[in-house]
Amino acid sequence: MIEQIREKAKELLTSGEVKVVIGYENGGMPETTRPVFITSPDEVERLIWNKHCYANLANFFVRKEVASLGKPAIIAKGCDVKAITVLVQESQIKREEIVILGVTCEGVGEPLLSKCPICDVNTPRDYNFLFGKEIAPKNGINKSADVEEFERKSPEERWEFWEEQFSRCIKCYACRQVCPLCYCEVCIADKNQPQWIETSSHTRGNVHWNLIRAWHLSGRCIDCGECERACPVGIPLSLLNRRLAKSVKERFGYEPGYDQEKAPPFTDFKQEDSQEFIR
Amino acid sequence: MSRIGVFICHCGENIARTVDCARLAEESGKLPGVMVSVDYKYMCSDPGQNMIKRAIAEHKLDGVVVAACSPHMHEPTFRAAVVQSGMNPYLCEMANIREHCSWVHTDRELATEKAIDLVRVMVEKVKRNQELFPIRVPITKRALVIGGGIAGIQAALDIAAGGHEVILVERQPSVGGNMARLSETFPTLDCSQCILTPRMVEVARDPRITLYTYAEVEEVEGFVGNFKVKIRQKAKSVNADICNGCGDCWNKCPMKKIPSEFDAGLGYRTAIYVPFPQAVPNTPVIDREHCLKFLKDKCGVCAKVCTRGAIDYEMQDEIIEAEVGAIVVATGYDLYGIGKEQPNERWKGYGEYNYDTYKDVINGIQFERLLSASGPTQGEVRRPSDGKVPKSVAFIACVGSRDPEKGIEYCSKICCMYVAKHAMLYKHKVHDGQPYIFYMDIRAGGKNYEEFVRRAVEEDGVLYIRGRVSKIYKDGDQLVVVGADTLSDSQVQIRADLVVLATAMVPHKNAYEFAQKIGIACGSEGFYSEAHPKLRPVETMTAGIYLAGACQAPKDIPDAVAQASAAASKVQLLFSSDELEREPIVAKVNEVTCVHCRNCIRVCPYSAIDDKEIRDRHGNLIRMVAEVNEGMCMGCGTCVAACPSKSVQLAGFNDEQVFAEILALGHE
Amino acid sequence: MVSDEMETEGKPALSEKEWQPKIIAFVCNWCTYAGADLAGTSRIVYEPHVRVIKLPCTGRIDVSFIIKAFEQGADGVMVSGCHPGDCHYTAGNYHARRRFAGFRDLLEFCGFDMRRVIFSWVSAAEGKKWADLVNEVVGKIRELGPFKEYQNLLAQSAL
Amino acid sequence: MSDEEAKVTVQEAEKKSQPVLKTLRPENLSVLIQKGLDLGYKVFAPVKDGELVTFEQISGPGEVFLEGITTRMSPKSVFFPRTEKVFSYRIAKEDIALGDQKDFAPPTIILGCRPCDAASLPIMDRLFRWDYQDRFWNERREATLIVSISCLECDEACFCTSVGLAPDSTEGSDILLTLVSRDQYLAEIMTDKGADFVEKTGLFDQAGADLDKAAATKAVRGKLGQRFDLDKIKPWLDENYEHDFWKEVTRMCIGCGICTYVCPTCHCFDLVDEAHYDGGAKNKNWDACQFAQFTVHASGHNPRPDQVSRHRQRIMHKYKYYPDNLGATLCTGCGRCVRHCPMEVNLIRILNGICELSAGELPAEAPESK
């Protein structure tokens, strides 16, 4: 499969159709890969594809260091493609201005990352070229099993759990930086007139940040799990993301990353939207 | 450092009774940034206002907080007062210590504590207020009138008479509305069509009025003075410019058994038709749902017989775009359906009256058609089932109206009068007939109305029975009406040849959807809401949109006409200036931090936000951002909350102000 | 690890006075604010613990306002606006409703005491509803007591 | 004596001229911890929570977890918390009252520190005791005893040996323990503070002359080798502020700043006002050169407008500016930045790249920098 990808990358670079191929190369540490930006057809041999291609490379579209290279082709797993779909939907990129080299994926990580068993986009839903054998989407997967299990805890237990988790947050904002959908140039966390989120990393400020981070991704998060992978203090951020995904799906019948034509749920409404919580 | 003045009103005893105003003034004086804090018996009085004006000059104030009644009452007063001292009006805020405090609390200490908090909140807000200046927008001096019934016609004629262009849109092939279907009108018994048709003709003739019949308003965007509307002109399949209304086509049309909407199902029309002989315009339309040409691609007779070649089967719906400065909504009413089929869950219908089953149970508008010379019986009262002249007719008032169990609480207002009229007209046509009227109360408030009802009873022998009808059943070829006579406290049974139900007036069946479409509010019943029930009865809460006729509430003809004229005069008032001053409470985008996610553009209820290209001086596109059209922004702030990077701010309610208010409550 | 000096010191003890619930209400100008005005003109007496912050529309309310209010020591937060279909701006409350629904789910998931966040529709005609609601909310918050879990977050950061 | 040497001497004034050698039985380590607690010290040690090993204040020896290479976060936060109140203030009308911080430096022990982490402390002393005396750092440093344990293992990210340190370096430790045999730690008591504590506990034995620390750490030293040649780095950096190399090696950096937050020697902070209505606090919070907002001027201008310049800054600061200004490399080779980077930017790779460039670019006849 990697041979075909390299061949296609070479072809695209040689013809000048794209100026850069965003992919993965071997990392210096065991079981790691590193994002790589191939600009010359001679370098395509650096491209690899394996179980450790974790990074969601869609992150790089909006970065000027990469954007300045010219039209990109990107190697993307199904989940990464969902991020691209949201970026298109939110007018951050134009679909016709990128080339997606979709790869079918049986999951990354050993053991698999938590997003992989509940993935229904093993074959990307959008691509210009597909590599690897198509994998039929799994049916009847419960994407929020972990959420439901957590919800069985009492409110007090839940509060205690998250308070402890958030107390560890060091406000490094890696969760934000690594997120392909956190593309604001000035994040709400950086706004200090007024001070939206207390920058101090005491638990109160941490709670606010973590709630708002999750909230700003509600209806947008495509569960690539990069935030959780990056978090240096191990906060289970995907659990929060999945709770909001469940909420959006149940309340508004919406799943992000599947249809770039649909209006994002928090910019849309229906008169009959649920309001059981309103007096 | 801010220099704020706090002015505390006793409102006579209204505030001072519960709030310790002296203490409030003392505590307010201790707040950082407050230069002066005083209390006074009536701050809104001239001496009170003068006190504020003097203090502004004396203490060089840059902000004023008046702690008094609701800003909905006196904000304009105090803002005007500070302007006289050279202060921008938006640097004056009110703390509501009357409606929200003194009038609703009894514990003096806690109420005073609350008042101190409310003042502190407003002091913190006003410190962050900025000078704002009214936004001026031009006014398009052209009006749109929606609905071509008597209200719409009247409004259109009045506005046109004032010298302004009017676009009149009517859904049906002809203007005239429900009034055109009536036989005679109460309390004068003059012929409805005779008084209406001259106005219909005038509407068509007036060069300032552009009439679109068989058309619907599809979309309304924009704001007062600057609406953009889209009108769907449904395909008439007849070229109105060529057609001379000779009638050959409808006379030759083979589809002759289509129930006529105009005759409320009692008569028939053809597939190519004008709804009634005096229709304006007198151009027929083809009802494509019933036309053989469209159903089976057969026939084509009308095209063959039309000597002028006016028939155009290829005609398509057309979208007409227009810019208007004001809109009069005159979409009229429907009648409560009394059968089993109901448009909503609340309305239960009157299965017990067998309207669906018995042909001789009809509603008021059907009876109007039976009385009308242009109706299916040429004005002879003949019952639908067998064409016999009914010798006894039972009229039942309040069918639907004033009956919460059937889903409607309100009184339809006109029924008392028209059942009296019906009974009277019946008696005039069938001299040996006996009219009965079942009623709850007789509401005949109106000029010459009571006299009219009295005439029905005294001169025309109409028998009034006070009570409700519980059921109607068939016995032979007669109908037995079973009801209570609450005056004699007995059960009554009337044998009638015909039963006429005075059904409730209800909002037009798509009233709610239409209100949403054009951006006005509906009450719970679906009638359109006026801005104030007493003081602003013809305006809606949406500036530039006015109401006329029964779309607002049940009305008779004179009321509808009066409201239409009132709406027209409001439109002319608006059109009397070239520019409109709008409140500067509008949103603004920070183009430096905007990342063009388009959330604001998507959520804006007024489509007031648009994409903007930022280009370098060579014309190369650098980036895209959002931009607010401040002429269209109404200041709701939905975009502000939707912006993830907080790059949209609403003047007067920006995040810094709101946060300062919250923080002001964080003190202990 | 954070500094061990984060405890909130130096504030005057509230304990001398009896604890009173602190409730912050974010309301829209056209419906609930006017509804509260109507409660006033109708002289319907209710509990004095709610502090209203007026905004043009519920659509203007950012979920962070709710968090800020709790950070500032609120024991309860009310959010109230126009009934669906009644929005002065036609759709602000529909957008607000979606946001509140989603954010509420998030708070609930985090074990937040949801009895302390009250969403309502109160129209300009529902002065009585406003008064009743305030009484009910104040009663509930009195029962629950101060929102210690949240107010202690800062102090708990001490090592 | 040059200024630089003078600074170093100040830092190391309390250091013993010759370490005192003693031994500690491994099973007595727990007793030692308990003694520390009993003596009223706050004790910080590695604690395992799920996958995560971090320094936490402990209340008993049972909580301590001494396996693994390094903790996720370094112990720098004991001296330099991620958030610290510098002072509080209260506002009344036309009056502001300041509240000073007190009792922020209680007697403390950091136990189970790795030599790379211990070595970071004297390096940072140079900064916090430079022109401005940071009392929070300095007083805590004085009140804190560092008990480190030599590494017998390493991973691919470790590179202490490449920055002049070793798995058994004593820099920064008051006491360094090296497991020289199954039942014996060699304790090198480096300072009077360390000696006092050793005496108070009474758990240490006299060391025999046969104890060979070098033998114990030989294997791991071998494994570590030399990952790059430190001597080549600074000369290249001196000359190559502008170089395409920077773009090539940092393009995958997303500016998350994890490298700085896990780093034992990164010490940038931001002073913020955390205000409420009638008062607030001035807080000192960790900040990072990798953040886009870090260098934004009030005007909106950002002198480090892209991630390339930010990443270059990090390397320049550690391997050029800090050595220029304070006479030490601001890196101890702990490898955390390499280990935890979500994009595998890999500092070792970059430094290796510099060495390669340096070999290729320097004229052959250039004098050796040594």
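Quick look at the numbers
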{"quantity": "Candidates C:65, C:112, C:103 - the one that is within 18 Å of the chain's Cα centre (by Cα) and either polar (S, T, N, Q) or more than 9 Å from chain A (Cβ to nearest Cβ) (or both)", "calculated": "C:65"}
{"quantity": "Cβ-Cβ under 8 Å pairs, at least 6 apart or on other chains, the range D:66-86 side within 10 Å of another protein chain (Cβ to nearest Cβ) and over 20 Å from residue C:155 (Cα atoms), far side surrounded by fewer than 23 Cβ atoms within 10 Å (Cβ to Cβ) and among the small types (Gly, Ala, Ser)", "calculated": "D:72/A:234"}
{"quantity": "Check on residue B:121, free of Cβ contacts under 8 Å to residues at least 24 places away in the same chain and either assigned to a helix (DSSP H, G or I) or out of contact with any Lys or Arg (no Cβ under 9 Å at 6 or more places or on another chain) (or both)", "calculated": "no"}
{"quantity": "Selected residue (criterion: farthest from the other protein chains (Cβ to nearest Cβ)) from residues of the range B:597-629 that are within 37 Å of the chain's Cα centre (by Cα) and assigned to a loop (DSSP other than H, G, I, E, B)", "calculated": "B:629"}
{"quantity": "The lone exception for residue A:16 - which of (1) on the phi < 0 side of the Ramachandran plot; (2) more than 21 Å from the chain's Cα centre (by Cα) it fails", "calculated": "(1)"}
{"quantity": "The listed residue being under 23 Å from residue B:230 (Cβ atoms), surrounded by 24 or more Cβ atoms within 10 Å (Cβ to Cβ) and hydrophobic (A, V, I, L, M, F, W, C), out of B:150, B:146", "calculated": "B:146"}
{"quantity": "Members of the range D:83-136 that are crowded, with 17+ Cβ neighbours inside 10 Å, under 21 Å from residue A:200 (Cα atoms) and hydroxyl-bearing (Ser, Thr, Tyr)", "calculated": "D:83, D:88"}
{"quantity": "Condition met for residue B:246 (assigned by TED's automatic domain parsing to the domain that holds residue B:518, in contact with a strand residue (DSSP E or B) (Cβ under 9 Å, 6 or more places away or on another chain) and not in a strand (DSSP E or B))", "calculated": "no"}
{"quantity": "Some residue of the range A:231-242 being assigned to a loop (DSSP other than H, G, I, E, B), more than 14 Å from chain B (Cβ to nearest Cβ) and buried (at least 24 other Cβ atoms within 10 Å of the Cβ)", "calculated": "yes"}
{"quantity": "Test set (1) in contact with a His (Cβ under 7 Å, 6 or more places away or on another chain); (2) within 30 Å of residue B:144 (Cβ to Cβ) - residue B:367 fails condition number", "calculated": "(2)"}
{"quantity": "Any hit, the range A:164-173, residues being closer than 30 Å to residue B:127 by Cβ and either among the β-branched types (Val, Ile, Thr) or within 19 Å of the chain's Cα centre (by Cα) (or both)", "calculated": "no"}
{"quantity": "Number of the condition not met by residue B:288 [criteria: (1) touching a residue at least 60 places away in the same chain (Cβ under 8 Å); (2) in contact with a Phe, Trp or Tyr (Cβ under 7 Å, 6 or more places away or on another chain)]", "calculated": "(1)"}
{"quantity": "One residue from B:553, B:502 being touching a residue at least 12 places away in the same chain (Cβ under 8 Å), assigned to a strand (DSSP E or B) and small (Gly, Ala, Ser)", "calculated": "B:502"}
{"quantity": "Strands (runs of 3 or more DSSP E) within the range A:70-146 that include 3 or more residues touching a helix residue (DSSP H, G or I) at 6+ places or on another chain (Cβ under 9 Å) and under 20 Å from residue A:38 (Cα atoms)", "calculated": "A:72-76, A:99-103"}
{"quantity": "Search result, residues across the range D:327-357 that are touching a Leu at 6+ places or on another chain (Cβ under 9 Å), within 16 Å of residue D:263 (Cβ to Cβ) and more than 14 Å from chain A (Cβ to nearest Cβ)", "calculated": "D:329, D:330, D:331, D:332, D:333"}
{"quantity": "Tally of residues being within 20 Å of the chain's Cα centre (by Cα) and in a loop (DSSP other than H, G, I, E, B) across the range A:254-279", "calculated": "11"}
{"quantity": "Test for residue B:367: is it in contact (Cβ under 8 Å) with a residue 40 or more places away in the chain, in a helix (DSSP H, G or I) and within 30 Å of residue B:525 (Cβ to Cβ)", "calculated": "yes"}
{"quantity": "Identity of the residue in the range C:46-62, charged (D, E, K, R), over 20 Å from residue C:140 (Cβ atoms) and within 13 Å of the chain's Cα centre (by Cα), that ends up nearest to the other protein chains (Cβ to nearest Cβ)", "calculated": "C:62"}
{"quantity": "Complete set of residues in the range B:19-47 that are buried (at least 22 other Cβ atoms within 10 Å of the Cβ) and touching a Cys at 6+ places or on another chain (Cβ under 7 Å)", "calculated": "B:19, B:39, B:43"}
{"quantity": "Matching option when the condition is modelled with pLDDT under 95, outside the structural domain of residue A:248 (by TED's automatic domain parsing), out of contact with any Phe, Trp or Tyr (no Cβ under 6 Å at 6 or more places or on another chain) and surrounded by 14 or more Cβ atoms within 10 Å (Cβ to Cβ), among A:115, A:138, A:171", "calculated": "A:115"}
{"quantity": "Out of B:286, B:319, B:272, sole residue that is modelled with pLDDT of 95 or more and out of contact with any helix residue (DSSP H, G or I) (no Cβ under 8 Å at 6 or more places or on another chain)", "calculated": "B:319"}
{"quantity": "Selected residue [in a helix (DSSP H, G or I), within 10 Å of another protein chain (Cβ to nearest Cβ), within 26 Å of residue B:659 (Cβ to Cβ) and in contact (Cβ under 8 Å) with a residue 12 or more places away in the chain] from B:99, B:113, B:75", "calculated": "B:99"}
{"quantity": "Residue in the range D:231-239 that is in contact with an Asp or Glu (Cβ under 8 Å, 6 or more places away or on another chain), more than 8 Å from every other protein chain (Cβ to nearest Cβ), of a type outside the set (D, E, K, R) and not in a loop (DSSP other than H, G, I, E, B) present", "calculated": "yes"}
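Yes or no, residue by residue, for (1) acidic (Asp, Glu); (2) under 26 Å from residue A:265 (Cβ atoms); (3) surrounded by 17 or more Cβ atoms within 10 Å (Cβ to Cβ); (4) in contact with a Phe, Trp or Tyr (Cβ under 9 Å, 6 or more places away or on another chain):
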position	(1), (2), (3), (4)
A:11	yes, no, no, no
A:28	no, no, yes, no
A:31	yes, no, no, no
A:55	no, no, yes, yes
A:72	no, no, yes, yes
A:77	no, yes, yes, no
A:80	yes, yes, yes, no
A:89	no, yes, yes, no
A:94	no, yes, no, no
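Rundown of residues vs (1) in contact with a Lys or Arg (Cβ under 9 Å, 6 or more places away or on another chain); (2) over 18 Å from residue B:367 (Cβ atoms), yes/no style:
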position: B:411; (1), (2): yes, yes
position: B:422; (1), (2): no, no
position: B:427; (1), (2): no, no
position: B:433; (1), (2): yes, no
position: B:436; (1), (2): no, no
position: B:441; (1), (2): yes, yes
position: B:447; (1), (2): no, yes
position: B:454; (1), (2): no, yes
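The values are calculated or read from the model by the stated rules, or taken from the named source; none is laboratory data. Computed from a predicted model, the values in this text were never measured in an experiment. As a convention, Cβ positions derive from the backbone with ideal geometry for all residues, glycine included, and neighbour counts pool all protein chains shown.
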